[in-house]
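The values are calculated or read from the model by the stated rules, or taken from the named source; none is laboratory data. Values in this document were obtained by computation on a predicted structure and should not be read as measured data. Cβ placement follows ideal geometry from the backbone for every residue including glycine, while neighbour counts extend to all protein chains displayed.
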Amino acid sequence: MSQTLQERPAASGALTSDLATTVRRLQDRVDILETMYAYCRHADMLDGERMADLFVSDCIANFIPGGGEETTLRGDKALRGFLNMALGGTVSGSHHIANPELIYETPDRVILYCYMYSWQRFTGFPVTADCHRWGRYENRFVRTADGWRMDRLTLISAGEYGGARIGEQLGRPFPPAFD
């Protein structure tokens with residue numbers, strides 16, 4: 001027996017009681033994913049400023065989890081500095097995301113868990129090898145007056161060619177938890 005739209009379970013497991021809630025969640029999904037696609041596009045354009053614009057001012061980002069407090073970036077100023085420094089040594093890149101899962105904490109706060117692949121060529125090539133990275137993003141988005149923005153980002157590396165990171169996804173909780 002088929003279910004009507006109103007009877008279908010929502011992504012959070014709760015029953016969607018009205019069409020407006022379903023439409024809002026579908027639009028939120030599109031908006032959140034388009035924000036993440038823009039993040040990848042700006043990374044490929046080596047534009048750290050535009051990447052950082054997709055975060056709230058008091059964001060927390062960690063591109064190397066488990067690296068201690070010194071690898072945690074707090075606030076958009078620290079994030080901008082890191083992104084501009086990291087991209088300054090990059091000649092070209094290609095960033096991709098797939099298999100997105102959205103987990104609603106509240107109507108205005110959503111976790112995006114998705115797989116990622118990135119390739120980067122660095123200024124020191126061929127002495128500095130290209131980096132191919134496979135992994136996951138664990139990001140939290142919040143609804144702002146300017147649309148959905150990230151307030152948390154964690155990049156988990158499952159493995160790399162041209163780098164040493166591997167297996168960071170093992171033993172992590174699901175769904176991702178943020179403080």
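Annotation note: of Y104, Y117, the sole residue that is surrounded by fewer than 18 Cβ atoms within 10 Å (Cβ to Cβ), among the aromatic types (F, W, Y) and more than 28 Å from A164 (Cβ to Cβ) is Y104. For segment 128-170, taking the residues that are in contact with a Leu (Cβ under 9 Å, 6 or more places away or on another chain), in a strand (DSSP E or B) and of a type in the set (D, E, K, R), the one that is nearest to S118 (Cα to Cα) is identified as R133. Is segment 97-104 home to any residue that is touching a residue at least 60 places away in the same chain (Cβ under 8 Å), among the β-branched types (V, I, T) and part of a strand (DSSP E or B)? Yes, segment 97-104 has at least one match. Of the candidates F141, F178, F174, F122, the single residue that is within 18 Å of E34 (Cβ to Cβ) and of a type in the set (F, W, Y) is F141. Of all residue pairs spaced 6 or more apart or on separate chains, those with beta-carbon atoms under 7 Å, a first member in segment 23-42 that is within 16 Å of D146 (Cβ to Cβ) and a second member that is in a helix (DSSP H, G or I) and modelled with pLDDT of 95 or more are Y39/M51; H42/R50; H42/M51. Residue-level analysis places A177 among those that are under 15 Å from the mean Cα position of the chain (by Cα), surrounded by fewer than 16 Cβ atoms within 10 Å (Cβ to Cβ), farther than 16 Å from D31 by Cβ and aliphatic (A, V, I, L, M). Do the conditions hold for A20, that is, is it out of contact with any Phe, Trp or Tyr (no Cβ under 6 Å at 6 or more places or on another chain), part of a helix (DSSP H, G or I) and modelled with pLDDT under 95? Here the answer is yes, as A20 does meet what is asked.
For the residues G167, G147, G171, the requirement of being more than 22 Å from M85 (Cα to Cα), in contact (Cβ under 8 Å) with a residue 40 or more places away in the chain and of a type outside the set (S, T, Y) singles out G147. Of all residues in segment 69-91, one or more are hydroxyl-bearing (S, T, Y), under 20 Å from Y117 (Cβ atoms) and modelled with pLDDT of 95 or more.
Restricting attention to segment 59-87, the residues that are without any contact (Cβ under 8 Å) to a residue 40 or more places away in the chain and not in a loop (DSSP other than H, G, I, E, B) total 17.
Looking at segment 43-58 only, could you name the residues that are in a loop (DSSP other than H, G, I, E, B), within 21 Å of W119 (Cα to Cα) and free of Cβ contacts under 8 Å to residues at least 24 places away in the same chain? The answer is M45, and nothing else.
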